[in-house]
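Since every read-out is calculated from the coordinates, none of them should be taken as a lab result. Just so we're clear, the structure is a prediction, and the values are computed from it rather than from any experiment. Every residue, glycine as well, gets a Cβ built from its backbone with ideal geometry; the counts of neighbours run over all protein chains shown.
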Amino acid sequence: MLTPWLLLSKMTYPGRLIAIGRDLSGLRNIVVYAITGRSPSSQARKLVPKSKAVWTEPTDPDILKRGNPELLVYPALCLGKGIAVSNGRQTSDIDASSGQSPVRALEEGLQSWSFEPDAPIFTPRISGCIVPSNRTALSIVRRAPDGASLRFYYEFPFIPGRGKLISTYPGDISNPLPSFEGDPLDVDFSERTAAETAEAVYNALKPREGGPDLRVAVACVFAAVEDMVDWELAIINREERMSR
């Protein structure tokens, strides 16, 4: 098994990604959200903590307007008795604190959402959650050849030092970009803190020699298994690092 960071170093362009798992001690759940972008509007963003959430915000409003703000500005992480994470505004509709199963929380939260309307790519919506019973799941909603929405949900057990990773694209750059397909990828978590994990992911996403730097931001949350109220957050934007 490759660590998530070796996996990422082999991906030229994963788009946005979510990784969920548990640290080696077995005492903290881990959620990672990362953004890479090719267009100026995608790159003109940063991740910002707001109360119990992490939002994408513009670094240059004028450049951001060249894209679709509805797809570029959203709550990436919502923290509470549970944790919701996604690559779009659907995060707000995922009720991770209700006590229901993680798959059910994702099904209900995503029922009115489809893939992104960014033809010809039709970027999939990737989402995940951890619920108070310490169960977790990931989801992807992607476009079928006939234009229908294909919905996939993956619940998996927590194992110390292990997790799962899903991204919007499989990693290679082509036109149009293909959607991620198949089961989430197995990953290892070896870092001791949220800051170390965010740094490892950011470094793994560095460009290959001679290639463009597509990194936008990385956020990592370590949350206590007992109640998830006690959490540690680290964010890396271009040339900016912060922890809470």
Q. Given the C-alpha centroids of region 168-182 and region 14-39, what is the distance between them in whole angstrom?
A. 18
Q) Tell me, what is a quarter of the convex hull surface for the C-alpha atoms of the chain, in nm² with one decimal? A) 12.0
Q. Gap in Å between the Cα centre of region 44-77 and the Cα centre of region 184-244?
A. 18
Q | Share of alpha-carbon pairs per 10 Å distance bin for region 152-244, given as whole % | A | 13, 37, 38, 12, 1
Q. Using only the Cα atoms of region 132-175, what do you get for the radius of gyration and for Dmax, in Å?
A. 14.1, 42
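At most 16 other Cβ atoms within 10 Å and a DSSP loop assignment: could you name the trypsin sites (Lys or Arg not before Pro) in region 19-56 that fit? Each step should come with its number before you reach the end.
On the way: sites: Arg22, Arg28, Arg38, Arg45, Lys46, Lys50, Lys52; in loops: Arg38, Lys52.
For trypsin sites (Lys or Arg not before Pro) across region 19-56 that sit outside H, G, I, E and B with at most 16 neighbouring Cβ atoms in 10 Å, the list reads Arg38, Lys52.
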Q: Please order Met228, Met11 by the number of other Cβ within 10 Å, starting at the fewest.
A: Met11, Met228
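Give me the percent relative contact order of the chain, please, defined on Cα pairs under 8 angstrom at least 6 residues apart. If you can, show how the numbers build up before the last one.
Details: 607 pairs, mean separation 63.6, N = 244.
Reported relative contact order: 26 percent.
Considering all projection directions equally, how large on average is the shadow of the alpha-carbon convex hull of region 1-94, in square nanometres? Walk me through the intermediate numbers first.
Working: hull surface 28.9 nm².
The orientation-averaged projected area of the Cα hull of region 1-94 comes to 7.2 nm².
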(Q) Could you give each residue of region 83-92 its phi-based ³J(HN,Hα) in whole Hz, using Karplus coefficients 6.51, -1.76, 1.60 with θ = phi - 60°, and x for Gly or Pro? (A) 10, 10, 8, 6, 9, x, 5, 5, 3, 5
Q: Under 23 Å Cα to Cα from Lys81, which lysines show up? Leave out anything in the same chain fewer than 8 places away.
A: Lys50, Lys52, Lys164
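Take every Cα pair under 8 Å in region 160-219 that's 6+ residues apart, average their separations, divide by the length, and report that relative contact order as a whole percent.
On the way: 47 pairs, mean separation 16.6, N = 60.
So the answer I get is 28 percent.
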